[in-house]
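Here is the structure we will look at, set down as structure tokens.
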Amino acid sequence: MIVGTAGHIDHGKTALVKQLTGVDADRLAEEKSRGITIDLGYAYTPLSSGDILGFVDVPGHEKFIHNMLAGATGIDFALLVVAADDGPMPQTVEHLQIIDLLGVAHGAVALTKTDLADAGRIAAARGEIETMLTGTRLAGCPLFEVSAHTGAGVAELRAHLEAAAARLDARLPGGGFRLAVDRSFTVAGIGTVVTGTVFSGKVRAGDHLLVAPSGLKVRIRGIHAQNRPAESGQTGQRCALNLAGVEKHEVQRGDWVLAPALQRPTRRLDVRLRLLGSEARPLRHWTPVHVHLGAFRSAGHVALLEADTLEPGASAWAQLVLDQPTCAVQGDRCILRDAAAQRTLAGGTVLDTQPPARGRRSPQRRAILTAWEQDLPETRLGALLDCAPNGVDLGAFAANANLTAAETDRLCAKLALKKIDGASPLAFSPAHWAALRAEVIAALRQEHQDVPDSLGLNTEQLRLRTAPRMERPAFGALLAELLADGQCRRDGSWWHLPGHELSLAPEDEALWNRLAPRLTAEPFQPPRVRDIARAENLDETAVRRLLMRTARLGRVYRVAHDHYFDRTAVAQLAAIVRQAAGDSPDGAVLAAEFRNRIGTGRKLAIHILEFFDRIGLTRRVKDSHRLRNETLEF
């Protein structure tokens, strides 16, 4: 169990921790000379059960509230320290507000310096504390009268902490590993060491992780968990990690050490925000704030998603727009302070870590946020499937929900869904998948009615007419399923309904047999319509009309104006494009390289690549072309 102290400056937090553990948590020379805590301090003490009780001692001065916030996130138990002679003071109240907004439900109050107060003052302080705790998660928690000077009451408080640690449900080490870095330093002969609280998952010596948001790759050389050498560390523990592959200056407080799958830096977080009831005025849309999450902090703005103001004590959806990137997951808690960093305003629970900048108030976004507020992972995913006609990206879902691949697979197995495997797995609700199948059939039927002399639609045309926002691999899987079920037919890249067949009139078929060798003689550089007509001494319009008909039949492709290529040649050209992309270090296909491979002029090579862009095999990226749909057939 990790205990976090809270309370006003000079109320005896550090002295009490020393009485409980024997450790002086003030580690800085300035702290010892000035007699005040400036930064986070740490102390550990063994329990009779063999477990280790960890303490995070926080500064009580208002100027160091940002340090207090870095230590308060991730604690299991709050020890609110109030001096009997002073009673609750301003930072006592703010620290309590922060603990409450962070959702810390376990705690106790230590009424310190009882040796400096008489019975009447102690009774008055107890009454003030009871009033202060009313309406918070710590209301009704036990209070212990203690004196760090005489030691009175310390044994009773320690016994309570030990009992609380025994009762506390161990946090399961599920999800990917995440450690919020609150210190980074170098140890002679060891190298870079970071410390922090493990928010989720498990880490072992030898693991390869990332420093976020920078993305630096690191290897775990060694681990101390709860101040002891260990082979592993897990959720709920304070750990020190010896990192290989990074220098001290490359990792700092506010960074994360995490599993690679969770490396999704963001400057936007959609949250459920609660404004403190003690605020005198409503919170307005686009209010500048300081955001604290884990040990991270950044300036930013609050974009309210339901109205233009949020009343004191109320909660609503909001988007936090940060000046600096961070990594987060659904369920993380954050604290908002005012632009001058003078007071705490609100607390938030993260819902979506990759929200859009536009359309953030749309009905679809409201449905998505409602889904993320569901209690169970299966109900969350089920609700997201219901509002996602183009499917749910399971990789993005797992990263936001912090689920491992195995956990995601088990979750999918619980639900009736259609899963499309691949580099980016997608999931569809059965209703949406059935609707997409029906849309494809309807689009083909309409095409046959509108253009009866056309064989059908190619894959990209069909996708754009039925599901333009659907991922191409998933749409390919949809068509493959329809083909396997006999609901549609494919001829090369052309899709049509069963029974829809085209043929040329006998005289046109005879003319096609006469002209076809002209296209295949030099398949990568066939003659244009006018050149074919001239060579065969035919009317140019008649030749053009015939090639248009054969294009509708899928025998040829119109690559450029009046420039038709045999279907086999197009398939070969597509294979060359795929090979060129595979040979390129970054997957880019350049016109000059492609020209050399097919032995044509640059202008024709560009026309061919632009054709592949149009039909969805590739996409243009500046001066290069990159594969978009590797499974497209011809």
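Here are the numbers:
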quantity	calculated
Selected residue (criterion: modelled with the highest pLDDT) from residues of segment 607-632 that are β-branched (Val, Ile, Thr) and surrounded by fewer than 16 Cβ atoms within 10 Å (Cβ to Cβ)	Val621
Tally, over segment 150-174, of residues that are touching a residue at least 40 places away in the same chain (Cβ under 8 Å), assigned to a loop (DSSP other than H, G, I, E, B) and on the phi < 0 side of the Ramachandran plot	6
Contacts under 6 angstrom Cβ, first residue in segment 306-322 being assigned to a loop (DSSP other than H, G, I, E, B), partner of a type in the set (Phe, Trp, Tyr) and modelled with pLDDT of 95 or more, 6 or more apart	Glu306/Trp317
Set Arg445, Arg437, Arg469, Arg465: member being outside the structural domain of Cys412 (by TED's automatic domain parsing) and farther than 17 Å from Pro389 by Cα	Arg445
Tally, over segment 99-134, of residues that are without any contact (Cβ under 8 Å) to a residue 24 or more places away in the chain and either in a strand (DSSP E or B) or among the small types (Gly, Ala, Ser) (or both)	4
Selection count where residues are outside any helix (DSSP H, G or I) and among the small types (Gly, Ala, Ser), scope segment 416-462	8
Qualifying residue in segment 191-212 (condition: in contact with a Leu (Cβ under 7 Å, 6 or more places away or on another chain) and either more than 26 Å from Leu262 (Cα to Cα) or not in a strand (DSSP E or B) (or both))	no
All positions within segment 216-230 that are within 17 Å of Ala180 (Cβ to Cβ), of a type outside the set (Val, Ile, Thr) and modelled with pLDDT of 95 or more	Leu216
Residues within segment 172-209 that are hydrophobic (A, V, I, L, M, F, W, C) and surrounded by fewer than 19 Cβ atoms within 10 Å (Cβ to Cβ), tallied	6
Residue in segment 180-188 that is charged (D, E, K, R) and within 21 Å of Asn67 (Cα to Cα) present	yes
Helices (runs of 4 or more DSSP H) lying entirely in segment 534-628 (those with 3 or more residues that are free of Cβ contacts under 8 Å to residues at least 12 places away in the same chain, closer than 25 Å to Pro468 by Cα and touching a Leu at 6+ places or on another chain (Cβ under 9 Å))	none
Residues within segment 481-505 that are under 33 Å from the mean Cα position of the chain (by Cα) and modelled with pLDDT under 95, tallied	0
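Residues are listed down the side, and each one gets a yes or a no for (1) among the hydrophobic types (A, V, I, L, M, F, W, C); (2) modelled with pLDDT under 95; (3) assigned to a loop (DSSP other than H, G, I, E, B):
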{"position": "Pro288", "(1), (2), (3)": "no, no, no"}
{"position": "Val302", "(1), (2), (3)": "yes, no, no"}
{"position": "Pro325", "(1), (2), (3)": "no, no, no"}
{"position": "Ile335", "(1), (2), (3)": "yes, no, no"}
{"position": "Ala340", "(1), (2), (3)": "yes, yes, yes"}
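The values are calculated or read from the model by the stated rules, or taken from the named source; none is laboratory data. None of these values were measured; they are calculated from a predicted model. FYI the Cβ positions are ideal-geometry reconstructions off the backbone, even for glycines, and counts take in every protein chain you see.
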